[in-house]
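J.: One structure, pasted below without further comment.
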Amino acid sequence: MRLTGGHIVVESLINEGVPYIIGIPGHGTLGLSDALLGQDKIALLQVRHEQAAVHLADAYYRLTGVPLAVFTSIGPGAMNTVIGVASCYVDGIPVLVLTGNSHTHMAGRGVLQEIERKYDANSLAVFEPITKRTWRPGSAERLPRIMQRAFAEMLTGRRGPVVIDLPMDVQCDDTEVSEGLPTPTAYRPTGPLLPEPGLIGQAGALLLEAKRPVIVAGGGVIAAEACDHLLALAEFLGAPVVTTMMGKGAFPEDHPLAAFHGGSKGTTCGNTLTREADVLLAVGMRFADESTSSYRQGVTYAIPPTRLIHLDLDPTEIGKNYRVELGIVADAKAGLAALVQWLQESSVPRDYTNSAYFAHVQNLRSQWLADVQKLATSDHTPVTISRLIAELRAFLDGDAIVLTSSGNVQAQWFQEAMIYEPKPNLTTGGFSTMGWAVPAALGAKLAAPDRQVVGLVGDGDFLMTAQELATAVQYDILAVYVVANNVG
């Protein structure tokens, strides 16, 4: 059969099970837009700004594990996605961005909205440092293979966004697709990256020797759906669990071993325990500056003398910021499962509830929770963010999804709100992107239509992407926004 480049893209998205394509049509994507007409297997959502399209896709993936596609016209439309793409890149979120560009035979002439002063049709240069990979097919016949590679790149290893730049003629030209488009299993590896068994044994032995073990869980634990294994490991060892901002929710915060958070936006409980640890197991986290209090020795971490075991999918993160005793490259779920199995075969669970260390953890927890309670019951006028957070948390269902962007509201929700499940807390992480939460809440509601979804934002944050309220109304997406007036 013969398909246009646009139809190849759309049929590939349908094969991958992508339910939504989000963006703003323009002259640079007419071929792709035409291919979306007359089919009901993928829904088109037209946002008000292309940055918002990426943020929406970001939150949708976090809740479902299904990447969405974003499309833009040539020039400004493509550039408008840069903030969203960079946010996804830093946080390890896959999204497929499809940008229009000049016809292959017109590249370099300076057609409307072309960037060409250094290289012809050079918009991909902007995306190079903020994507896992970029492509510009020179013909429609190359598109099936490029679409396959794009999904494989996004969804394997340390995940992240990719960009396919589509010349206008490539979208519209047709080509023979004689064998049809293959299913994803035909070209994408499956199964997690497994740890080296010998290293698991060494890590287990170190943890069994430890008097003050602490586990630090990052966003990789949630992404790998490894929370049950984290809980099993913590309870076997009697080890308190500290979570990063992206890892909040990986461990239930009403559990007696929950030590809340470390870093400059962390808690006194978390920072004390990580600082005092003799053996630290870090899983699915990268020791960014905020989670380490800017690497000041003895504030959040004291490495050394603390002995560090770092388990992460990305080998470039291991040893980057702290010297490791053991570095284990593995998927968080596979690594934690192997570690739990080794411990179960090699030892017996600790009776940690009767230990002095557990009593110390409980004392630190109680002190922190008492401090938060004082803040939450303040009768200060105007109302404080702490009281707003406490009353919102009390009103919402336990599994309600709350989204925050950067700033004071994000930091205080992180510190003070109790989260009991892996995915009710969604926030922008390492890029700390203002304007993220408003469009991201739309993606969250699309992903979880039967759950409460609240965007908790400061007033400046809200105004950056407030135009997406029109998108919410147009598509009847019933997210709720709570806006803190930060002026008073």
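J.: Projected onto the charge dipole of the chain (+1 at Lys/Arg Cβ, -1 at Asp/Glu Cβ, origin at the Cα centre), which of V329, V111, A484 gives the Cα projection farthest towards the positive end?
T.: The Cα lying farthest towards the positive end belongs to V329.
J.: What is the antiparallel percent of DSSP beta bridges lying wholly in the chain, to the nearest 5? Could you put the intermediate results ahead of the total?
T.: Details: 3 of 53 bridges.
About 5 percent, rounded to the nearest 5.
J.: Go through the range 132-192 and name the chymotrypsin sites (Phe, Trp or Tyr not before Pro) that are in a DSSP coil and have 16 or fewer other Cβ atoms within 10 Å of their Cβ. Provide the component values of the computation, followed by the final result.
T.: On the way: sites: W135, F151, Y187; in loops: Y187.
The qualifying sites are Y187.
J.: Further question: Please state the relative contact order of the range 237-335 as a whole percent: Cα pairs under 8 Å, 6+ residues apart? Don't jump to the answer; show the numbers that get you there.
T.: Details: 170 pairs, mean separation 20.2, N = 99.
Relative contact order here is 20 percent.
J.: OK, next. Applying the Karplus parametrisation 6.51 cos²θ - 1.76 cosθ + 1.60 with θ = phi - 60° to the phi angles of the range 136-143, what ³J(HN,Hα) value in whole Hz is obtained for each residue in order, glycine and proline being reported as x?
T.: 9, x, x, 7, 5, 5, 7, 5
J.: Where Lys and Arg each count +1 and Asp and Glu each count -1, what net charge lies around R286 among other residues with Cβ under 9 Å from its Cβ? It would help to have the intermediate numbers written out before the result.
T.: Details: positive: K320; negative: D312, D314, E317.
Value of the local net charge: -2.
J.: How large is Rg/Rh for the range 180-289, to two decimals, with Cα atoms and a Kirkwood Rh? Walk me through the numbers on the way to the answer.
T.: Details: Rg = 16.2 Å, Rh = 15.1 Å.
Over the Cα atoms of the range 180-289, Rg/Rh equals 1.07.
J.: Would you mind working out the accessible area per residue for the range 165-242, using a 1.4 Å probe, and quoting it in Å²?
T.: Working: 3340 Å² over 78 residues.
Normalised by residue count, the accessible surface of the range 165-242 is 43 Å².
J.: Eight or more residues apart or on different chains, and alpha-carbon atoms under 26 Å: count the Lys pairs in the chain matching that.
T.: Value for the chain: 20.
J.: Rounded to the nearest 20 debye, what is the charge dipole size of the chain about its Cα centre when +1 sits on each Lys and Arg Cβ and -1 on each Asp and Glu Cβ? The partial results should precede the final answer.
T.: Working: 35 positive and 49 negative charges, 179 e Å.
That gives the chain a dipole magnitude of about 860 debye.
J.: Sticking with this structure for a sec: How much FRET efficiency would the formula 1/(1 + (r/R0)^6) give for A205 and D397, where r is the Cβ-Cβ distance and R0 is 45 Å, rounded to 0.05? Write down the numbers at each step before the final one.
T.: Working: r = 43 Å, r/R0 = 0.95.
Result of the calculation: an efficiency of 0.60.
J.: Now, a different point. Any idea how far the Cα center of the range 312-330 sits from the one of the range 33-90, in Å?
T.: 33 Å
J.: Considering the Cα trace of the range 300-437, what is its radius of gyration and what is Dmax, both in angstroms?
T.: Looking at the range 300-437, its Cα Rg and Dmax stand at 19.4, 58 Å.
J.: Now for a different question. For a quick protection proxy, order the peptides 98-107, 348-357 by their average other-Cβ count within 10 Å, most packed first.
T.: Numbers: 98-107: 21.6, 348-357: 12.5.
Ranking, from highest mean packing down: 98-107, 348-357.
J.: Same structure again: Which whole-number percent gives the relative contact order of the range 1-157, counting Cα pairs below 8 Å spaced six or more residues apart?
T.: Numbers: 247 pairs, mean separation 34.9, N = 157.
Across the range 1-157, relative contact order equals 22 percent.
J.: Only Cα pairs under 8 Å and at least 6 apart count here; give the relative contact order of the chain as a rounded whole percent.
T.: 15 percent
J.: Go ahead and run the numbers for FRET between R451 and Q474, Cβ-Cβ distance against an R0 of 30 Å, rounding to 0.05. Provide the component values of the computation, followed by the final result.
T.: Details: r = 21 Å, r/R0 = 0.71.
Efficiency, from the Cβ-Cβ distance: 0.90.
J.: The list (i) 18, 27, 24, 15, 11, 5, 0; (ii) 24, 51, 24, 2; (iii) 18, 43, 31, 8, 0 gives values of P(r) over Cα pairs in 20 Å bins from 0, in percent, and only one came from this structure; which label was calculated from it?
T.: (ii)
J.: For the range 1-48, what does the accessible surface come to per residue with a 1.4 Å probe? Please give it in Å².
T.: Value for the range 1-48: 43 Å² per residue.
J.: Suppose R0 equals 41 Å. What FRET efficiency, 1/(1 + (r/R0)^6) with r the Cβ-Cβ distance, do A466 and K118 give to the nearest 0.05?
T.: Working: r = 36 Å, r/R0 = 0.88.
E between A466 and K118, to the nearest 0.05, is 0.70.
J.: Follow-up question, since we're still on this one. If you fit an axis through the alpha-carbon atoms of helix 385-395 and take the longest principal axis of the Cα set of the chain, what angle between them do you get, 0 to 90°, nearest 10?
T.: Long axis of 385-395 versus the principal axis of the chain: about 80 degrees.
J.: Another one. Please list, by residue number, every one of the trypsin sites (Lys or Arg not before Pro) in the range 391-470 that is coil in DSSP and has at most 13 other beta-carbon atoms within 10 Å. Could you put the intermediate results ahead of the total?
T.: Numbers: sites: R393, K445, R451; in loops: R451.
The qualifying sites: there are none.
J.: Based on DSSP H runs of at least 4 residues, each adding -39500 (n - 2.57), what is the mean residue ellipticity at 222 nm of the chain after dividing by all its residues, to the nearest 500 deg cm²/dmol? The partial results should precede the final answer.
T.: Details: 19 runs with 187 residues, N = 488.
The per-residue figure over the chain is -11000 deg cm²/dmol.
J.: Then there's this: For the range 424-488, with every protein chain kept in place, what is the accessible area per residue (1.4 Å probe, Å²)? Don't jump to the answer; show the numbers that get you there.
T.: On the way: 2560 Å² over 65 residues.
Ligands and nucleic acids excluded, the figure is 39 Å² per residue.
J.: For the modelled label position 7 Å from the Cα of I14 along Cα-to-Cβ, which residues of the range 163-193 have backbone nitrogen atoms closer than 19 Å?
T.: Within reach of a label on I14, which here means backbone N under 19 Å from a point 7 Å along Cα→Cβ, the range 163-193 contributes 171-186.
J.: Would you mind telling me the share, in percent, of accessible area of the chain contributed by carbon and sulfur at probe 1.4 angstrom? List each step's numbers first, then the result.
T.: Values: 10410 of 19690 Å².
Ligands and nucleic acids excluded, carbon and sulfur give 53 percent.
J.: Determine, for each peptide in 233-240, 41-48, the mean count of other beta carbons within 10 angstrom over its residues, then list the peptides with the highest first.
T.: On the way: 233-240: 23.1, 41-48: 16.4.
So the peptides 233-240, 41-48, ranked by packing, come out 233-240, 41-48.
The values are calculated or read from the model by the stated rules, or taken from the named source; none is laboratory data. Just so it is clear, the structure is predicted and the values come from calculations on it, not from any experiment. Here Cβ is always computed from backbone atoms with ideal geometry, including for glycine, and neighbour counts include all displayed protein chains. Protein only, heavy atoms only, side chains kept; ligands, DNA and RNA dropped before computing areas. Shrake-Rupley method; radii C 1.70, N 1.55, O 1.52, S 1.80 Å.
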